[in-house]
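As structure tokens, the structure follows; a few thoughts come after it.
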Amino acid sequence: MALRQTELRPLGKPVGRKEDPRLIRGKGRYVDDIMLPNMLHLCVVRSPYAHARIRRIDASAALAAPGVKLVLTGEDLAKMNLAWMPTLAGDRQMVLATDKVLFQYQEVAAVVAETRAQAEDAAQLIEVDYEPLPVVVDPFYALTPEAPILRDDKEKKSNLIFHWEAGDREETEAIFREAPVVVKQDVRFPRVHPSPLEPCGCVADYDTARSKLTFYVTSQAPHAHRTVLALVSGLPEHQIHVISPDVGGGFGNKVPVYPGYVCAIVASLKLGVPVKWIETRTENIASTHFARDYHMTAEIAAREDGKVLALRVKTVADHGAFDGAADPSKFPAGLFSIVSGSYDFKAAFVEVDGVHTNKPPGGVAYRCSFRVTEAAYLIERVMDVLAQRLKMDPAELRLRNFIRKEQFPYRSPTGWVYDSGDYEKTLRLALERIDYEELRKEQAERRARGEFMGIGISTFTEVVGAGPGHTFDILGLKMFDSAQIRVHPTGKVIARLGVRHQGQGHETTFAQIIAEELGLSVDDVLIEEGDTDTAPYGLGTYASRSTPTAGGAAALCARRIRQKARKIAAHLLEVGEDDVVWDGTAFSVQGLPGRSVTMKDVAFAAYTNVPEGLEPGLEASYYYDPPNLTFPNGAYIAVVDIDKGTGAVKVRRFLAVDDCGTVINPMIVDGQVHGGLTEGFAIAFMQDIPYDADGNCLAPNWMDYLVPTSLDTPHWETDRTVTPSPHHPIGAKGVGESPNVGSPAAFVNAVVDALSPLGVEHIDMPIYPWKVWSILRAHGVTE
Ligand code: CDP
């Protein structure tokens, strides 16, 4: 049951979501709902080829078509020095192609017309003369000397974007040389796409009289976008007003700046009227930034009794035509080096090669803290390979190797300092709740009858909350976050944050933090995000960073308000400040609990009766630079049954026990876990974006790139342990991405466990029924 929003002390309680009355009644205001007078519509012309030289573009027929006001090509943009723009990874990307295209669906021209239909019709009339070039689809081939160099605009003549390492090579090699047991597994994390319900889009509105650009955009990071737009366009930053209205899901897809945004802005600047660009589903999947696409090889060195010693990982990462990874600057492979996971390895060595191919740019942190999903999947999969090789129970293997709770703060062999955790407690709770022993007995009975039942475990560790400014920046912008709180005379609060939610419930949870700190109710606090003219500067919402960063800022900002409020309370209570005590809902006089004033009394006095020498008003800002990341973790268990005739996998049960430290709102955390598990389920069983040898995208829509419906989705069971973060102001860690990070391995481990009597040690995702059916058939189980 949801708690009423008028209750005091709301932290940790299932307060009903403040945003729901608007969002579930269809009253959200999304970018495509914005209609401005004289607004025009933009359509992007895209390349049918994955690699081709552009000989000529003829726009004359399109320009003569009804309603058409403007056609933009790369040449037009080049004259304004806008044909290329920087990516978040420090690479550069074509806005509109000038001389060649590097992936199918790449932006080649833009048409602006009175209606969207007119723009789309005219786009068909643009004639582009292409000369096809040899296509590079396979990232391993891209690294060979025979492969054509794709980025001839770069100084370095190679398809290798970067080589990145973490850990200690010598120590790791030495342990591997001596180790009694070594397992090795190739594992691919397929190319997937965040595919939010609302695709990307914008309305650019340049007011020529005020020289001000108002830019409505589907953005997870409005401030960073404004800075990038100012740098790219040369417009003064304070004359750019970015508004990210309601956002229908982001999942990392709405972190980058896309060519359509730049084209809409240029069109509005040229025409002096608002220009809207809303992409189609196919444009979203086939041209905006993808996620994952990691080809990984992991080896574990261990003792015969299962104690792990060292980990070695080599990865080829397909980044597509432009390096569009939304990673912090110092981490070209994101936070992938968290790959030693929840286990106490003596040494580890991790290598990643980023590679260009003729595919769309990426990869973004799809519900993931910068490549953590790939890392968690890999280690959880390979731990199971080790368990199978040693004929050990996978739960037992994990319990034997966990970082113990007394080892925190724990320094991992790749240099991360984990803040807190009690992995054994979390796994034991999961085993007990699902009745693991009983399930293993049932499995043995079913196996004896020739049935295929599997149990899969994943005990992952995450790393979220980028981040400490000393280590984390994007394009030089330090990754702090911020809050600004203004308490009005009647005790009602408007709080603005530097992050921007896309459905995660910030309007409720951040109101809970502030209400708790100020002795108010959630109803008293209005949260605003996403408007750069009003909100304090912040780096945005992705990678489960909002709670660890802006959540900390909100608590500390409220405490700053309370400090001033205490002075006013002392004045009202006619005592010295040291005699005032705060009990969570009111200030009272030490030893005289009957004499008290509430925050509302203080707020009124802040505007009507301040003590002499004190500034009137009651507001504060806080820019919070966290001292470390937070390390949420969990123990997930999947139980599956395989249909022998079709290879279909039925997820019979799935239990997620999460530990995200102090919980702000248990109902919202459960909702986050349900959503993330559904996405993890989709990745494990349904999703991949394949390309043919010519670079044609074979899954550019929801017919081929599957998104689970409520009918496909299993029932989720949840529970939690609470190990607060020692450095976060309220002990909270992020949670939004944990279920997406932790669950794919549980699903795959369960399927492999089911098929293990046939000698199966690994299956790459997505586990389509035909893959399972082929295995069953190869072993004579089915015809
Ligand atoms: O950055 P993002 O909002 O996507 O992720 P998050 O920080 O993990 O938060 C997701 C939602 O869960 C937010 O509404 C948080 O305030 C809420 N949450 C919570 O109630 N308790 C936690 N310990 C962590 C997150």
Within the range 727-756, residues being away from the ligand (no atom under 16 Å from the Cβ), surrounded by 24 or more Cβ atoms within 10 Å (Cβ to Cβ) and either small (G, A, S) or more than 30 Å from W773 (Cα to Cα) (or both) number 4
Exactly one of V112, V108, V136 is open to solvent by less than 30 Å² (accessible area, probe 1.4 Å) and not in a strand (DSSP E or B), and that residue is V136
Does V640 satisfy the condition of being touching a Gly at 6+ places or on another chain (Cβ under 8 Å) and more than 16 Å from the ligand (Cβ to nearest atom)?
yes
For D688, indicate whether it is surrounded by fewer than 20 Cβ atoms within 10 Å (Cβ to Cβ) and either within 11 Å of the ligand (Cβ to nearest atom) or acidic (D, E) (or both). no
Practice item. Return yes when E198 is touching a residue at least 24 places away in the same chain (Cβ under 8 Å) and not in a helix (DSSP H, G or I) and no when it is not. Key: yes
The residue that is nearest to the ligand (Cβ to nearest atom), considering only those in the range 513-524 that are touching a Ser or Thr at 6+ places or on another chain (Cβ under 8 Å) and in a loop (DSSP other than H, G, I, E, B), is S521
With the first residue restricted to the range 173-184 and required to be closer than 14 Å to A348 by Cα, and the second required to be open to solvent by 40 Å² or more (accessible area, probe 1.4 Å) and not basic (K, R), Cβ contacts under 8 Å at 6 or more apart or on different chains are F176/V182
Among (1) within 16 Å of the ligand (Cβ to nearest atom); (2) outside any helix (DSSP H, G or I), E507 falls short only on (2)
Residue hits (the range 738-761; within 19 Å of Y636 (Cα to Cα) and either assigned to a loop (DSSP other than H, G, I, E, B) or over 24 Å from the mean Cα position of the chain (by Cα) (or both)) are A750, V751, V752, D753, A754
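Residue-wise test of (1) outside any loop (DSSP other than H, G, I, E, B); (2) surrounded by fewer than 16 Cβ atoms within 10 Å (Cβ to Cβ); (3) among the polar types (S, T, N, Q); (4) in contact with a Pro (Cβ under 6 Å, 6 or more places away or on another chain).
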site	(1), (2), (3), (4)
M1	no, yes, no, no
L11	no, no, no, no
K27	no, yes, no, no
D32	yes, no, no, no
P37	no, yes, no, no
H41	yes, no, no, no
V45	yes, no, no, no
Y49	no, no, no, yes
I57	yes, no, no, no
Going through the range 132-188 in order, the residues found to be of a type outside the set (V, I, T), under 30 Å from S47 (Cα atoms) and in contact with a helix residue (DSSP H, G or I) (Cβ under 7 Å, 6 or more places away or on another chain) are A147, N159
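Residues checked against (1) more than 13 Å from the ligand (Cβ to nearest atom); (2) more than 19 Å from L11 (Cα to Cα); (3) crowded, with 21+ Cβ neighbours inside 10 Å:
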| site | (1), (2), (3) |
| --- | --- |
| K492 | yes, no, no |
| Q502 | no, yes, yes |
| A511 | no, no, yes |
| L526 | yes, no, no |
| A543 | no, yes, yes |
| A555 | no, no, yes |
| Q563 | yes, yes, no |
| D583 | yes, no, no |
| G591 | yes, yes, no |
Within the range 269-307, of all residues that are β-branched (V, I, T) and outside any helix (DSSP H, G or I), the one farthest from V350 (Cα to Cα) is V273
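The values are calculated or read from the model by the stated rules, or taken from the named source; none is laboratory data. Remember, predicted model here, so these are calculated numbers, not experimental data. We place every Cβ from the backbone using ideal geometry, glycine too, and count neighbours over all the protein chains shown. Quick note on the areas: whole protein, heavy atoms, side chains included, nothing else; ligands and nucleic acids left out. Shrake-Rupley method; radii C 1.70, N 1.55, O 1.52, S 1.80 Å.
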